[in-house]
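Inspection log for the structure reproduced underneath, given as C-alpha cells.
The values are calculated or read from the model by the stated rules, or taken from the named source; none is laboratory data. As the structure is a prediction and not an experimental result, all values here were calculated from the model. So basically every Cβ, Gly included, is an ideal-geometry build from the backbone, and we count neighbours across all protein chains shown. Note: accessible area is taken over every heavy atom of the protein model, side chains too, but ligands, DNA and RNA are not part of it. Shrake-Rupley method; radii C 1.70, N 1.55, O 1.52, S 1.80 Å.
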Amino acid sequence: MERPQILLSDVDLSLGSGAARVHILKGLGLSVAPGESVGIVGPSGSGKSTLLMVMAGLERADRGGVEIAGERLDRMDEDALARFRGRRIGIVFQSFHLMPTMTALENVAVPLELAGRRDAFARAEAELAAVGLGHRLHHHPAEMSGGEQQRVAIARALAPEPAVLIADEPTGNLDAETGEEIVRLMFAAKARRGATLVIVTHDRALADRCDRRIAMRSGEIVEDVRLAPRAVATV
C-alpha cells in the first residue's frame with residue numbers, strides 16, 4: 001500500500017490561555033495520498049486554516065502525530081522543521097507575503113539561497129518564466145498587480161520542488177477572472193510535478209475541482225467526499 005503524503009493522527013490544538021483558551025482542532029485524523037488534491041471548506045472559525053498551518057509546520061499541535069512526506073513534524077525541533085519546510089512544503093497565502101523591498105526574482109531566489117541552493121537565481125528565473133512573469137523579474141511587488149504578486153508567490157512556493165503545496169485562500173484578494181487564472185496555474189503545476197495539493201477555501205466550487213472535498217465544523221471533519229475526475233486546464 002502506498003504511504004500517505006500527509007498523515008495526521010488524533011491531532012488536538014488549543015490556542016489562547018485561561019478563559020480565552022479555545023479548542024481549535026479536536027482529535028482530527030486525515031490521510032492524503034501522493035499527488036492527490038484536497039479542497040477544505042467550512043465556516044469561519046471551523047479550524048480549516050489552523051489545520052493548514054499544522055500541516056505546514058507553522059503551528060504545533062498539542063497532541064497527535066503530523067507526518068508529511070514520510071517525516072514526523074511533531075518530532076522535529078524548530079531548526080529541523082524550518083529546514084524541512086523549506087525543502088518539502090510550498091505555501092501560498094491569501095495576502096502574498098512578498099518582501100516589498102525585493103524584486104520578483106529576489107523574492108523567489110533568496111529563500112533558495114538561504115537553503116543553500118547554488119542555482120538559486122537561475123532556478124528562480126525559470127520558475128517565474130513558468131508562471132508567465134519572465135518579463136517582470138526586476139519589478140517590485142508595488143509595481144505589480146495582485147494577480148502578478150500571487151504568481152510570484154506561487155513561483156516561490158514551487159521553486160524548491162516541494163512534495164506538498166499548501167494554499168490558504170489563494171484567490172481571496174483577487175477578482176474573479178484573475179482568481180481563475182491563479183487556480184488554473186496551481187492545478188496545472190500540481191499535475192505537471194505530481195505534487196500533493198491542499199487548498200483551504202470559502203469557495204465550494206473551487207473545492208469541487210479537487211480530487212476530494214473535506215468540510216470542517218467546530219474543529220472536526222464532518223464530510224470527506226471523493227469527487228469525479230476533472231480535466232486539468234493548462235495555462
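Over the chain, DSSP H runs of length four or greater, each weighted -39,500 (n - 2.57), average out per residue to a 222 nm ellipticity of -10000 deg cm²/dmol.
Working out 0.36 nm times the residue gap between R118 and S31, then minus their Cα-Cα distance, what length gain in nm do you get to one decimal?
Extra length available between R118 and S31 comes to 27.9 nm.
The slack between H135 and V225, meaning 0.36 nm per residue of separation minus the straight C-alpha distance, is 28.3 nm. Normalised by the number of residues in region 101-155, the mean separation of alpha-carbon contacts (under 8 Å, six or more apart) gives a relative contact order of 43 percent.
Helix by helix, which DSSP H runs in the chain go 20 Å or more along their axis at the Cα atoms and have an average Kyte-Doolittle hydropathy of -0.5 or more? Taking the DSSP H segments of the chain (at least 20 Å long, mean hydropathy at least -0.5), we get 176-193. If a/c stays under 1.5 just call it rounded; otherwise compare a/b with b/c (prolate if a/b is bigger, oblate if not). Do that for region 167-235, with a ≥ b ≥ c from the square roots of the Cα gyration tensor eigenvalues. Oblate, since a/c reaches 1.5 and b/c is not below a/b. With an a/c value of 1.5 or above and a/b not larger than b/c for the gyration tensor axes a ≥ b ≥ c computed over the alpha-carbon atoms, region 172-211 is described as oblate.
DSSP beta bridges confined to the chain are antiparallel in about 55 percent of cases. Rolling a 1.4 Å probe across all protein chains gives H135 an accessible area of roughly 130 Å². The charge dipole of the chain, taken about its Cα centre with unit charges on the Cβ atoms of Lys, Arg (+1), Asp and Glu (-1) only, comes to about 400 debye. Since only C210, G194, N173 are under comparison, the one whose Cα sits farthest along the positive direction of the charge dipole of region 162-213, derived from C-beta charges on Lys, Arg, Asp and Glu, is G194.
For region 114-203, what does the alpha-carbon gyration tensor say about shape, rounded, prolate or oblate, given a ≥ b ≥ c as the root eigenvalues, a/c under 1.5 as rounded, and a/b over b/c as prolate? Oblate shape, in that a/c is at least 1.5 and b/c is the bigger or equal ratio.
Spatially, region 61-97 and region 149-196 are offset by 18 Å when compared through their Cα centroids.
Using mean Cβ contacts within 10 Å as the protection proxy, how do 56-69, 160-173 order, highest first?
Values: 56-69: 18.1, 160-173: 20.5.
Highest to lowest by the protection proxy: 160-173, 56-69.
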